[in-house]
Amino acid sequence: MAATFMEVLDTSVANVSLPHIGGNLSATTEESTWVLTSYLVSNAVILPITGWLGRFFGRKKLLLLCITLFTIASVLCGLAPSLGFLVFARILQGAGGGAMLPISQAVLLESFPPAKRGVAMAVFAMGVVVAPILGPTLGGWITDNYSWRWIFYINLPVGIFAAGMSHLVIEDPPYIKKARAADIDFAGFALIAAGLGALQILLDKGQQADWFESLWVRWTALFSVLALAGFVVRELRAEHPIVDLRILKNRNFAVGVVLMTLLGGVLYGTTAALPIFLQTLLGYPALQSGLAMSPRGIGAFLTTMVVGRLVGRVSNRWLMFAGFSLLTVSSFWLGHINMDIAKKSVIWPSVLNGIAVSFIFVPLTTATMGRLDQVQISNATGIFNLMRNLGGSVGIAGVTTLLERWSQVHQAALVSHLTLFDAAVRPELAAIQAGLSRTTGTYAASHQAWQVLYDRLLQQAKLAAFVDNFRLFGFLCLACIPMVFLFRAGRGARRPPEGVH
């Protein structure tokens, strides 16, 4: 969990520090976003091939290698003298972090019998669920009080601890020790690296380029689709595929992957939307907006261990039903925000959101992996976590795009009412003019009053776009509820193959 927490934290800890990084390294805001994009691209490329890497190097060696690479790359990020060097170090960091999470998850799932996997995954979930929530708050506090470089230096003691504990405690299972890794599928690796890299760049930069109005976006999208389609065909035909896609024939695994993709989109989308709302409309500074969201992590932390004890005693399907129901309520609750809300109106839905995620993540993981053979788990965790990340990327890109587009739609609808012929406008305009005329004079006040009203209209249009986004998340969560009953009932993991204990 220590390695997992460190890796997941770094997916979000740098977000609030981008203006400081750009200013310090003489880069524009758009250029500095490559600090995030470079990490996500290299992370996405490594995730699905984790199973093969585990067989090739051995799982323990791979985990130690990843922790070491991630920790060294973190130090290089802190020492970066230029943006180019920082982006290079973030690519190394993403490569080290990509395999860290699925390998950690696979080690936990195989180290415990099915009856105790719920408790094990509850500990693991603390890293996966709490870290991205704490990331923006921790990053903002460190940047404001010290320097953006320390958001990377803090990984050094955690990395040393994680590597030491992994060396002392973790052992490879017998089938890993005896396995002979097949020759690497270079064609498959090239196709997935190109396809996922192009897709991640497209999702990160698409809105800035006005999506398919831009020629490079159309070509990048076509290239990504062709590369990923070629990858699927290649892996289904290859004798020793680098990613075994046949595992998707397992119904529990296929349903779990779909649900995790949707869950990633909702969670990352909500995490992206709330700070923007708090900072741009309510005027919260970065640290305060992070603190307003941190109770979400507290709710998740306190509930996770309880849910870990319930797994195995209560059907996973009913636990997920409760989780997605609470997540639906939380999303629709946030869909009632307005410009006059207090901080508690964001805190309580966030706490409910964290509780809901705890009821989903642990049983979803155990149900998804519960009917797989042990030799399939490394490959499965790589695909599972890849889809969570891709769902999150789509969620963030969707929030960014829909906020912009729906704000314009609501602005066009509202501006038709901004006229003296509207009964609600006349008294409001007169009150603003009376207030301004005391300091600017009657003539200037008449012009400034219209500008004040128009600024309010823009705020209301953007607020309506946020409301629409949160309600959309609510409907997505509602659509997930019937899907939880597609899981096959029963605790049953398959019998392990001969020689596996």
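General observations
- Candidates Thr271, Thr220 - the one that is among the hydroxyl-bearing types (Ser, Thr, Tyr), surrounded by 15 or more Cβ atoms within 10 Å (Cβ to Cβ), in contact (Cβ under 8 Å) with a residue 60 or more places away in the chain and closer than 19 Å to Ala397 by Cα: Thr271
- The residues of region 331-372 that are without any contact (Cβ under 8 Å) to a residue 40 or more places away in the chain, surrounded by 19 or more Cβ atoms within 10 Å (Cβ to Cβ) and closer than 19 Å to Ile276 by Cβ amount to a single one, Pro349.
- In the set Leu199, Leu228, only one residue is at pLDDT 90 or above and part of a helix (DSSP H, G or I); that residue is Leu228.
- Checking each residue in region 103-114 for being in contact (Cβ under 8 Å) with a residue 40 or more places away in the chain and either aliphatic (A, V, I, L, M) or over 14 Å from Met1 (Cβ atoms) (or both) picks out Ile103, Ala106, Val107, Leu109, Glu110, Pro114.
- Residues that are over 16 Å from Glu110 (Cβ atoms) and touching a residue at least 60 places away in the same chain (Cβ under 8 Å) within region 58-72 comprise Leu64, Cys66, Ile67, Thr68, Phe70, Thr71, listed in sequence order.
- Test: residue in region 304-312 that is among the polar types (S, T, N, Q), open to solvent by less than 60 Å² (accessible area, probe 1.4 Å), over 18 Å from Lys344 (Cβ atoms) and in a loop (DSSP other than H, G, I, E, B): no
Let's see how each residue does on (1) basic (Lys, Arg); (2) over 26 Å from Ile21 (Cβ atoms); (3) in a helix (DSSP H, G or I); (4) modelled with pLDDT under 85:
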site	(1), (2), (3), (4)
Phe88	no, no, yes, no
Ile91	no, no, yes, no
Gly94	no, no, yes, no
Gly98	no, no, yes, yes
Ala115	no, yes, yes, yes
Gly127	no, no, yes, yes
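- Checked against the criterion of being surrounded by 20 or more Cβ atoms within 10 Å (Cβ to Cβ), outside any helix (DSSP H, G or I) and at pLDDT 90 or above, region 54-68 contains not a single residue that satisfies it.
- Positions within region 1-34 being among the β-branched types (Val, Ile, Thr), open to solvent by less than 10 Å² (accessible area, probe 1.4 Å) and modelled with pLDDT under 80, in sequence order: Val8, Val13
- Verdict on Leu402 being out of contact with any Cys (no Cβ under 8 Å at 6 or more places or on another chain), in a helix (DSSP H, G or I), open to solvent by 10 Å² or more (accessible area, probe 1.4 Å) and closer than 17 Å to Met100 by Cα: no
The values are calculated or read from the model by the stated rules, or taken from the named source; none is laboratory data. Here the structure is a predicted model, which means the values were calculated and not measured. In this analysis, Cβ positions are derived from the backbone assuming ideal geometry, glycine residues included, and neighbour counts consider all displayed protein chains. These accessible areas exclude ligands, DNA and RNA; they are computed on the full protein's heavy atoms, side chains included. Shrake-Rupley method; radii C 1.70, N 1.55, O 1.52, S 1.80 Å.
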